[in-house]
Amino acid sequence: MEPERGTSTATLLSDTVNQATDLFRAELDLARAEVGQQIRGAVAAIGMIVAAAALFLTALNVLAAALTSGVAELGLDPGWAAVVVGAAFGLIGWALLARGMHGLNRATRTPRRTVENIKRDADVVKGT
């Protein structure tokens, strides 16, 4: 933006302050949007952790049910039936927990784009 000839120092200073204020507001808006995205990701990850916890509890219940119903079935060893069913639900619960923890780790990072923009703006102000 080229200043007009005869523009006063006060006007130039006022324009500079206004532009800096606008820049600050834009960076703040970007930071808000980025943090909002991260919060939504964290909520989804926490939902997966809760689902994993429910499946771990279900695995314990199925383990007990398999133990008792295995005796009544066609002679299937109750211990092996309980191990197979409990292990299957345990693995599903473990996979959900691992995915939820990964999503939570991703969601709690620094607002990357905002930091990059602030660094770039600082370089512009420094004149590099």
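The values are calculated or read from the model by the stated rules, or taken from the named source; none is laboratory data. In this text the structure is predicted, and so the values were computed from the model without any measurement. Cβ: placed from backbone, ideal geometry, glycine included. Neighbour counts: every protein chain shown.
State all residues of segment 1-13 that are more than 16 Å from VAL125 (Cα to Cα) and modelled with pLDDT of 85 or more; if no residue qualifies, say none. Write out each step before concluding.
Start the filter on segment 1-13 by keeping residues that are more than 16 Å from VAL125 (Cα to Cα), which leaves 2-11.
Matches in segment 1-13: SER8, THR9, ALA10, THR11.
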field: Which listed residue is modelled with pLDDT of 80 or more, closer than 30 Å to LEU28 by Cβ and surrounded by fewer than 14 Cβ atoms within 10 Å (Cβ to Cβ), from GLU116, GLU73
entry: GLU116
